[in-house]
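The values are calculated or read from the model by the stated rules, or taken from the named source; none is laboratory data. These figures come from a predicted structure and were not determined experimentally. All Cβ positions, even for glycine, are placed from backbone atoms using ideal geometry, and neighbour counts span all protein chains on display. Accessible surface areas use protein heavy atoms only, side chains included; no ligands, DNA or RNA. Shrake-Rupley method; radii C 1.70, N 1.55, O 1.52, S 1.80 Å.
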Amino acid sequence: NKSSMKPSIVLLSLLAVLFAYTQYQRDELLERGIEFMNQKGILKDSFIDRFLTHNRLRYPWLSPGLTAHFLSARERLLRLVSTEEETHSDVVPSNLHVWNETEFPGYKKEDVFFLKHPAALSQRYQLSGLCYMHGPAMVQHYALAHNNHSVPMIDLLKFIKEHFTAEQLERHIFDNQGGDSSTFLESILQSNTTLVTSGIPSLVPFFRDFGPALVAKFKVHEDFMKASVHHHYGKPSGKFIGYHAMTFVGHRLSDNGTSYFLLQNWWEKKQFVEVDADYLKASGAYFTFIETPQTGIPDTFSYTYGKYHELEAVDKPEGQANEMASE
């Protein structure tokens, strides 16, 4: 009857208005994104090529065979211009995996960097393929704490927007390409900083001297992709997935003399991982320590404070394999 139809019509009208307003906001944000690309000198092709690319971002479904590519590129661009800085807080979200001495027994205070320096503990959540940036950011953060200075964290979103070249931004937006974690670490540290690369035999003495290390080119296999599994011993299993970057933050010896290594990660349900020497060796990773004491983040870079940092602005709906494959 007519009376029952009225609420439905009102609801549909409200939903239509809400959809139109949301679409207007997204369209406005996309135009900001296109203007951002123009200001940064991205797409220095001919006017026709720029025109086509801009309109493929506006109407990706009009590009048969390339729709998914431009939808993903548009989402990365929208998130890049939608916020001013990355999310940071003194409160760690309840759904995030956290350090737990019950889950990781046997570690003494001097075995784990953030147990020895409690104020330094900070966690990052990787929402996109930028592990090559998260690892160095955390190592730099811990290097500051190691030398009893304040412990800020470089703001990676502002770094991307302010310091990426046009070519780097173009690769990030359109190809979702990452970079080399060791090179990035060197680029964000104070000038004349000396880095030391180590193999497994030198890990513990270097850790005692210099603090946490960047774990680079860590080969991830299928077994490591299980978010609920935080201990990996022996040889990796399953097919090779890709490379990853993490931070080495602790070491312990079992009663029988077996070495175990604690790694800090950036995945929501897998923030801390323990591996033995066999698993670490099979990963093929190499380790970079900061030898030169750090007194601060270079003045040219923005930074924030907090126990939790999240690079929300470059999120995309992909799984862990794609999150770390660009390292």
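Where does the range 182-292 land on Rg/Rh, using Cα atoms and the Kirkwood Rh? Don't skip to the answer; put the middle values down first.
Numbers: Rg = 14.1 Å, Rh = 14.5 Å.
That ratio is 0.97, to two decimals.
For Lys219, Lys108, the ranking by accessible surface with the largest value first comes to Lys108, Lys219, using a 1.4 Å probe.
Volume per residue of the convex hull around the Cα atoms, evaluated for the chain, comes out as 183 Å³.
When the C-alpha to C-alpha distance is required to be over 30 Å, the pairs from Lys109/Lys270; Lys44/Lys239; Lys161/Lys217 that qualify are Lys44/Lys239.
Each residue of the range 85-95 was assigned a 3J(HN,Hα) from its phi angle through the Karplus expression (A = 6.51, B = -1.76, C = 1.60, θ = phi - 60°), giving 8, 6, 5, 8, 7, 8, 10, 7, x, 5, 8 Hz with x at Gly and Pro.
For Gln271, the residues whose modelled amide H falls within less than 5 Å of its own, excluding neighbours fewer than 5 places apart on the same chain, are His97.
Given a 1.4 Å probe and the protein chains as shown, Trp99 ends up with an accessible area of around 40 Å².
Suppose all protein chains stay in the model; what accessible area per residue would a 1.4 Å probe give for the range 142-223, in Å²?
On the way: 3330 Å² over 82 residues.
Here the residues of the range 142-223 average 41 Å² of exposed surface.
Share of antiparallel DSSP beta bridges in the chain, in percent to the nearest 5? Please report the intermediate quantities before stating the final value.
Working: 33 of 38 bridges.
So the antiparallel bridges amount to about 85 percent of the total.
Protection proxy ranking for 197-206, 154-163, using the average of other Cβ atoms within 10 Å per residue and placing the highest first: 154-163, 197-206.
First compute the accessible area of the chain with a 1.4 Å probe, then give the percent of it belonging to carbon and sulfur atoms. Numbers along the way, then the final one.
Numbers: 8480 of 15670 Å².
Carbon and sulfur atoms account for 54 percent of the accessible area of the chain.
Against the criterion of solvent-accessible heavy-atom surface with a 1.4 angstrom probe, Arg124, Arg74, Arg79, Arg32 sort, most first, into Arg32, Arg79, Arg74, Arg124.
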